[in-house]
Amino acid sequence: GAKAGGRNTARFFDPGMQTAADRQLALEGALRDGLAQGEFVLFCQPQFDSAGGLVGAEVLVRWRRADGELVGPDAFIGLAEAAGLIAPLGRHVLEQSCGALARWRADATLGALKLAVNVSVHQLRSAEFPDQVARILADTGAPPRRLCLELTESVFAEDAAAIIGRMHALRRHGVEFSLDDFGTGYSSLSYLKRFPLAALKIDRSFVHDVHLDPDAAPIVEAIIALARALKLDIVAEGVENEAQRRFLVAEGCPTLQGYLLGRPMPIEAFERRYGGAGRANH
Ligand code: C2E
Ligand code: MG
Ligand code: MG
Ligand code: MG
């Protein structure tokens with residue numbers, strides 16, 4: 001690796017790494033340009049209650065490159081974080097999301113939905129973050145109570161007091177928080193009580209095996225029991241088939257999200273599909 005040969009040797013003499021670094025730099029530049037060109041677009045995936053009623057949506061960002069290629073977030077979020085571009089990207093996603101919430105106020109179905117927006121821990125590291133979100137809410141006219149910010153367990157590795165303070169500042173505006181991919185990261189149960197969370201999202205890796213692996217079912221049951229004891233809402237992500245759905249509903253999981261119920265789609269398509277007449281069921 002790069003460290004083995006001293007500070008710079010490996011980096012300069014390993015052609016593979018040089019290429020990777022070049023590629024990274026090129027992608028970083030493309031990311032920066034794409035942001036300036038408005039190439040980052042919002043997709044929305046619907047969320048349903050256990051009876052099949054639409055209750056919300058999660059915003060999932062996509063990069064629509066100039067050549068038409070659609071790039072998923074796993075290919076650029078980490079890079080955006082490393083390149084210091086997650087702040088402007090995150091702001092763009094929040095502005096677009098709050099713009100949608102403001103638009104949806106006029107619609108009986110869409111106006112009742114919660115919109116979940118993924119937030120990087122890098123964004124919460126900034127003391128300005130609560131004011132920034134409050135300003136976006138005010139500027140767009142979005143109802144703050146409809147906005148839910150999804151964090152991952154990586155926030156638990158941060159300066160807890162600072163993060164919790166920022167979360168409370170946003171809670172005072174009405175913004176909610178949920179903990180994404182629960183069970184995959186570093187979780188101390190004491191943090192679940194200290195952080196002002198409204199919901200846990202069961203990671204799709206647990207949901208996936210729930211009807212196949214005898215060890216997966218008790219984990220999901222335990223997460224649901226834990227969330228219930230802490231008076232947290234529960235969202236199961238990655239529901240792909242009827243067996244999984246039936247299990248989760250039987251266990252009392254109130255909110256479901258996954259390909260079985262609805263794929264992520266461009267936000268305009270989401271609005272056409274679920275808005276207007278209020279076809280609230282999938
Ligand atoms: P996530 O927040 O856990 O989002 C759920 C991911 O699972 C999404 O992948 C979604 O498309 C996918 N998914 C939904 N239903 C199913 C299903 O039934 N089966 C399977 N196999 N997958 C399903 P996606 O859109 O590629 O996003 C990946 C991750 O990128 C997200 O995971 C989230 O951590 C991150 N991300 C997405 N948008 C943003 C954003 O605006 N900001 C930040 N910071 N991160 C984002
Ligand atoms: Mg999420
Ligand atoms: Mg998730
Ligand atoms: Mg996930």
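The values are calculated or read from the model by the stated rules, or taken from the named source; none is laboratory data. Everything quoted here is computed from the prediction, not taken from an experiment. No Cβ is skipped: glycine too gets one built from the backbone with ideal geometry, and neighbour counts run over all protein chains shown.
Values for this structure:
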item	result
Selected residue [buried (at least 19 other Cβ atoms within 10 Å of the Cβ) and of a type in the set (S, T, N, Q)] from 178, 205	178
Single residue of 127, 87, 100 found to be in contact (Cβ under 8 Å) with a residue 24 or more places away in the chain, surrounded by 19 or more Cβ atoms within 10 Å (Cβ to Cβ) and among the aliphatic types (A, V, I, L, M)	100
Region 197-215, subset assigned to a loop (DSSP other than H, G, I, E, B) and of a type in the set (A, V, I, L, M), residue modelled with the lowest pLDDT	212
Test: residue 218 is without any contact (Cβ under 8 Å) to a residue 12 or more places away in the chain, surrounded by fewer than 13 Cβ atoms within 10 Å (Cβ to Cβ), assigned to a helix (DSSP H, G or I) and more than 16 Å from ligand 3 (Cβ to nearest atom)	yes
Selection count where residues are closer than 18 Å to residue 146 by Cα, in contact with a helix residue (DSSP H, G or I) (Cβ under 7 Å, 6 or more places away or on another chain) and in a loop (DSSP other than H, G, I, E, B), scope region 165-194	3
Filter result for the condition that a residue is touching a Cys at 6+ places or on another chain (Cβ under 7 Å), under 26 Å from residue 271 (Cα atoms) and either small (Gly, Ala, Ser) or at pLDDT 95 or above (or both), over 140, 109	140
Matching residues, region 195-215, being touching a residue at least 12 places away in the same chain (Cβ under 8 Å) and in contact with a helix residue (DSSP H, G or I) (Cβ under 8 Å, 6 or more places away or on another chain)	195, 196, 199, 200, 202, 206, 207, 208, 210, 211
